[in-house]
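Below is one structure, written out as structure tokens; the observations come after it.
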Amino acid sequence: MTFTTRFAPSPTGYLHLGHAFSAVLAHDHARAAGGRFLLRIEDIDHTRCRPEYVAAIPEDLAALGLDWDGGIWRQSQRRPVYQAVLDELRDRQLVYPCFCTRRQVAAHSPGQGVDGLIYGGTCRRLDDAAVATRLATGQQPAWRLRLDKALDLAGPITWHDGRAGRQVWSGEGLGDVVIARRDIGISYHLAVVVDDAAQGVTDVIRGMDLFHQTSLHVLLQHLLDLPTPHYLHHQLLADDEGRKLSKSDGVRSLRDIFADGIGGQEVAARLREVIAGAT
Ligand code: GLU
């Protein structure tokens, strides 16, 4: 199979150095392997994605000197596909509707997990009549995975990370995670798993911030009979004080850096030095 990897940003802000690091790493792996480097824009969250951020992604990558294979994949255009997968999980009773507010989830949570607060299971106990009443009054649910049933079906989850080695997971730190959010009708987890398979991705190269979510992704692959790619979770770039770079900290975007007169090629060259030093 042709080595295929991808860069899959969410356009909720302009790309920053952390994104560029991921993109250069994935791009160079693909080129070294004579494989494919795909660009997928993960724009399912219409509450946070903005057209100007979408438009900037290919421009910024081109400025870095990166080229990708084929057209640009947009998750916002694939809703019916995700919906069909969700319907299948619903038919198999692997998901259930959850009407809890954030406050209710927090009040009954047994604690923090790897994907936010672990759900206490309140809506798992709703019977069909209670669900029907809520739906009939127009309440929009989120859909949560029945983790215990899913694990029973899928068996122990094992996967391989290029840096951390073999991983074995039997459900710790997660709970009944949201597979379709109330506000957008889908979740990152479901869309990423469906699309990595649909695009023939053999190697997922992404930041360590998604390391723990990967076990859930592999579980979903088992449930949906999709192949599990190889994973490589790279270290996150830190700022001068050693803090992780992220959009929420107001970290400077690539555009700001380019505007200061540092060219994209130079940024990419410096990132390659960091990559060479880290491997
Ligand atoms: N869209 C995700 C993000 O920007 C990355 C998804 C992935 O690489 O799996 O954080």
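Summary table below
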quantity	calculated
Per-region count, the stretch 194-208, residues within 30 Å of Q140 (Cα to Cα), surrounded by fewer than 22 Cβ atoms within 10 Å (Cβ to Cβ) and within 11 Å of the chain's Cα centre (by Cα)	1
Filtered residue count, the stretch 121-141, keeping only those that are in contact (Cβ under 8 Å) with a residue 40 or more places away in the chain and on the phi < 0 side of the Ramachandran plot	4
Some residue of the stretch 153-166 being within 16 Å of the ligand (Cβ to nearest atom) and part of a helix (DSSP H, G or I)	no
Residue list for the stretch 1-59, filter: aromatic (F, W, Y) and in contact (Cβ under 8 Å) with a residue 40 or more places away in the chain	F3, F7, Y14, F21, Y53
Selection from the stretch 225-248 of residues that are at pLDDT 95 or above, within 17 Å of the chain's Cα centre (by Cα) and over 21 Å from A164 (Cα atoms)	L226
Qualifying residue in the stretch 130-152 (condition: within 15 Å of the ligand (Cβ to nearest atom) and of a type in the set (D, E, K, R))	no
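One line per residue, one yes/no per condition, for (1) under 20 Å from F21 (Cα atoms); (2) away from the ligand (no atom under 12 Å from the Cβ); (3) of a type outside the set (A, V, I, L, M, F, W, C):
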| site | (1), (2), (3) |
| --- | --- |
| S170 | no, yes, yes |
| V178 | no, yes, no |
| S187 | no, no, yes |
| D195 | no, no, yes |
| L219 | no, yes, no |
| Q235 | yes, yes, yes |
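The values are calculated or read from the model by the stated rules, or taken from the named source; none is laboratory data. Just so it is clear, the structure is predicted and the values come from calculations on it, not from any experiment. For neighbour counting, all protein chains shown are included, and Cβ atoms are generated from backbone atoms with ideal geometry for every residue, glycine included.
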